[in-house]
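Shown next, in structure tokens, is the structure this report addresses.
The values are calculated or read from the model by the stated rules, or taken from the named source; none is laboratory data. Small disclaimer: the values here were computed from a predicted structure and weren't measured. Positions of Cβ are generated from backbone atoms using ideal geometry, with glycine treated the same way; all protein chains shown enter the neighbour counts. Ligands, DNA and RNA are excluded from the accessible area calculation, which covers all protein heavy atoms including side chains. Shrake-Rupley method; radii C 1.70, N 1.55, O 1.52, S 1.80 Å.
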Amino acid sequence: AKQAGGDRTMLFTQSIKEQLERRKLIEQSLIAAIAAGQFELYYQPKVGGLSRQVCGYEALVRWNHPQLGILSPSEFIPIAEETGAILPLGDWVMEHACLHAKELNDLGFENIPVAINVSASQLSDPDWLDRLLFILQKTKLPTHLIELELTESQLLVDIDHSTDLITYIRSLGVKVALDDFGTGYSSLSYLRNLPLDTLKIDRSFVAHLQENQENYDLAIIKAVKALSKQLGISLVAEGVEKAMQERILTEIGCDQLQGYLYSKPIPAKEFLALCLRSLTE
Ligand code: C2E
Ligand code: CA
Ligand code: CA
Ligand code: CA
């Protein structure tokens, strides 16, 4: 028994060591990877709740790491946030998403905005807004074609600053969405004061929807729909994987749906092809 315990401890220690080394490698190669062109934007469409046509899309970054393979943002974004690398990486994402969106706009997709995830450290960086304005100017993307996805915890870091920033950004025509809604502190009182265009209900509420079965998730989504309607904000459901979820969400009146049911996030070229196909259909 003693022997087995010792082996387990060794395995455990080894896996912790591997994890630490992996983390260190990621941390150390983040900045250089931007210049080396190792990041790539994937896109996932959002479809209209009624029309089922592509009515928007979200940019989701991937890292084609030379040693580790394709890395998920849930692994490297938190590290980028901790080290400050999120600032140049976020700028890279912003610029490339705007360039792709401009390309799509020039092809005739005039009312399909790109949604871009923004981290708290970007929002609290005093120069971020200037860089955003510069990117908008440089890429010549009409401002109504961008939506920024922010999370509650980010906005709560400094709610007064966030409110001012969002108010200003929206005055430019840029849209603002609250992402992962329902997972944070969800104080309804600050929702009243935050000027928002969109609420994205978190996919954890969508995951367990069942037909002919009332449950808390269903009740919550219905309540959020009533709230968003009252506030004049559009409601997006994410993580839609099954036709049954789609039926329920459509009946509740979700304005937009996003999830594997329609498409996984795909590389820019594929996404462009998908849009072009939808034009000729
Ligand atoms: P998020 O913003 O909540 O993005 C949605 C995540 O759910 C994406 O994971 C997407 O691929 C995944 N997803 C979409 N549809 C489905 C579905 O039907 N079922 C399931 N199970 N999952 C689905 P991804 O691409 O791994 O991104 C993870 C998170 O990383 C994002 O969560 C976002 O918080 C962050 N992230 C991604 N790209 C960026 C970026 O450019 N900047 C920043 N700051 N964060 C990013
Ligand atoms: Ca998002
Ligand atoms: Ca989300
Ligand atoms: Ca999330």
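Can you pull out the residues in region 108-121 that are closer than 27 Å to residue 54 by Cβ and either open to solvent by 30 Å² or more (accessible area, probe 1.4 Å) or of a type in the set (S, T, N, Q) (or both)?
108, 110, 111, 117, 119
Can you list residue pairs whose Cβ atoms sit under 6 Å apart, with the first residue in region 137-150 being within 24 Å of residue 120 (Cα to Cα) and β-branched (Val, Ile, Thr) and the second being within 16 Å of ligand 4 (Cβ to nearest atom) and outside any strand (DSSP E or B)? Count only pairs 6 or more apart in sequence or on different chains.
Listed pairs, sorted by first residue: none to list.
Among the residues of region 126-182, count how many are among the small types (Gly, Ala, Ser), modelled with pLDDT of 95 or more and either closer than 17 Å to residue 238 by Cβ or assigned to a helix (DSSP H, G or I) (or both).
Count: 2.
Which is of a type in the set (S, T, N, Q), within 24 Å of residue 212 (Cβ to Cβ) and either touching a residue at least 12 places away in the same chain (Cβ under 8 Å) or away from ligand 4 (no atom under 16 Å from the Cβ) (or both), of 250, 280?
250
So which helices (runs of 4 or more DSSP H) stay within region 1-112 end to end and still have 3 or more residues that are in contact (Cβ under 8 Å) with a residue 12 or more places away in the chain and under 18 Å from residue 275 (Cα atoms)? Don't jump to the end; show me each part of the working.
On the way: elements: 2-35, 73-83, 86-106.
Helices (runs of 4 or more DSSP H) meeting the threshold: 86-106.
Return the residues of region 41-97 that are open to solvent by less than 40 Å² (accessible area, probe 1.4 Å) and among the aromatic types (Phe, Trp, Tyr); say none if nothing qualifies.
Once the filter is applied, which keeps residues that are open to solvent by less than 40 Å² (accessible area, probe 1.4 Å) and among the aromatic types (Phe, Trp, Tyr), region 41-97 yields 42, 43, 57, 63, 76.
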